[in-house]
Amino acid sequence: MGWSALHGAIVLQVVSSTQDHMRNANRTTSKTFFIQPNSSDGTFTVITSAVQDVSPEIIATAVSPSCKLTAILRETNSAGKKRFVEIWEGERLEASVDVTKAHGAFYTDGKSLDPPFLILASTAPGAVMSCGP
């Protein structure tokens, strides 16, 4: 946890680690709180960021046009290299698919995925959801 002051506001960043029981690994997440004092009445306004997975194994992310779903491409090195496609709705993991046998290495240009060209597999077998036009 760390904090700093920015234009009179307090910026608090909380980093935590949680156990991923499916992969038997830890996930590292970060959430930022912006706390601004209101000079008129002595109260505070608090704005929070969404929780962000800051694990070094994330290759790329993309947010759906509706901003409700996030796709994460994750490549792990524990017990051999494995690749996962994860679908998140807010802070809840909706699906995690091990694509190691079906997909080669993930390649990116260091930027986020381009949502119009991203196809996400849903949790229903055989169903596909396309994000973008």
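The values are calculated or read from the model by the stated rules, or taken from the named source; none is laboratory data. Since this is a predicted model, take the numbers as computed values, not measurements. Cβ sites come from the backbone with ideal geometry, for glycine too, and all protein chains shown count toward neighbours.
Points worth noting:
- Restricting V85, V46 to those that are of a type in the set (V, I, T) and either surrounded by fewer than 13 Cβ atoms within 10 Å (Cβ to Cβ) or touching a residue at least 40 places away in the same chain (Cβ under 8 Å) (or both) reduces the list to V46.
- Members of region 89-107 found to be within 19 Å of N77 (Cβ to Cβ) and surrounded by 14 or more Cβ atoms within 10 Å (Cβ to Cβ), listed by number: S96, V97, D98, V99, T100, F106
- For region 9-49, the strands (runs of 3 or more DSSP E) that sit wholly inside it and include 3 or more residues that are within 25 Å of the chain's Cα centre (by Cα) and closer than 22 Å to N77 by Cβ are 9-20, 25-37.
- Residue check, K111 modelled with pLDDT under 80 and assigned to a loop (DSSP other than H, G, I, E, B): yes
- Identity of the residue in region 45-90, of a type in the set (S, T, Y) and in contact with a Lys or Arg (Cβ under 9 Å, 6 or more places away or on another chain), that ends up nearest to A105 (Cα to Cα): T76
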